[in-house]
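J.: Have a look at this one.
The values are calculated or read from the model by the stated rules, or taken from the named source; none is laboratory data. Worth saying up front: this structure is predicted, and the values here are computed from it rather than measured. Glycine also receives a Cβ, built like all others from the backbone with ideal geometry; neighbour counts cover every protein chain displayed.
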Amino acid sequence: MPLTRLLIPRGLATKGERTPTPDTQKLLEMIGELYSIEADIRGKPPDDRLRVRQEKSKPLLNKFESTIRAKPNFECAPRIDH
């Protein structure tokens with residue numbers, strides 16, 4: 001299996017694609033941002049983690065979801081409702 005295929009989370013590849021499309025790359029970058037946010041708040045008090053997640057993670061997740069919903073050719077688009 002090509003390395004690029006291993007780097008694309010299941011369901012984020014456009015049907016039939018083997019390499020990240022610009023849209024997929026954008027989603028992968030958003031996932032990276034989420035991991036970065038979590039790394040920054042690791043070990044902080046729960047109230048601080050909640051505040052940061054509401055301020056930073058929630059808008060990013062909303063953007064992530066709207067990006068997927070706008071692209072019905074993403075394999076995971078129909079599953080996002082579940």
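J.: Here's a check for you: in the range 1-43, which residue that is of a type in the set (Ser, Thr, Tyr) and surrounded by 12 or more Cβ atoms within 10 Å (Cβ to Cβ) is modelled with the lowest pLDDT?
T.: Looking at residues that are of a type in the set (Ser, Thr, Tyr) and surrounded by 12 or more Cβ atoms within 10 Å (Cβ to Cβ), I get Thr4.
J.: Looking only at the range 44-67, which residues are modelled with pLDDT under 95 and in contact with an Asp or Glu (Cβ under 9 Å, 6 or more places away or on another chain)?
T.: Listed by number, the list holds a single entry, Thr67.
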